[in-house]
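Every number in this text was worked out from the coordinates using simple rules, so none of it is lab data. If you're wondering where the values come from, they're calculated on a predicted model, not measured in any experiment. Please note: Cβ atoms are built from the backbone with ideal geometry, for glycine as well, and neighbour counts cover all protein chains shown.
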Amino acid sequence: LNCRLNEYIINGNILNAEQGGVSKDHSTIYHIFNLKMLVHLYSKKKKQLFCTLIDFRKAFDTLQHSALSIKLLRNDIDGNFSKKIKNRR
């Protein structure tokens with residue numbers, strides 16, 4: 001499933017560059033470095049910088065898996081995974 005999702009995301013040009021932490025061969029290090037540089041720049045200029053950080057670590061714990069399955073099927077992400085879901089209905 002993960003391979004099919006990655007292929008779908010890459011072929012569909014779904015993710016922005018800002019979402020690098022969730023892409024294969026990309027990490028959050030680039031984003032952490034940029035944030036550090038912004039903090040340094042704004043501190044040097046004595047300006048305020050506002051940031052919002054979101055921890056998605058438990059995001060999938062509260063996800064309705066049936067809703068995700070339907071969304072995958074509606075976006076033509078299929079294969080063995082979706083065939084199993086269709087058979088459950």
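For region 39-80, the gyration tensor built on C-alpha atoms gives a prolate shape. Its axis ratio a/c (a ≥ b ≥ c) is at least 1.5, and a/b is the larger of a/b and b/c. Residue by residue, region 54-65 carries 3J(HN,Hα) couplings of 10, 9, 9, 3, 9, 4, 7, 5, 9, 6, 7, 5 Hz when phi is fed to the Karplus relation 6.51 cos²θ - 1.76 cosθ + 1.60 (θ = phi - 60°); x denotes Gly or Pro.
Each peptide among 42-48, 53-59, 27-33 gets the average number of other Cβ atoms lying within 10 Å of its residues, and from highest to lowest they stand as 27-33, 42-48, 53-59.
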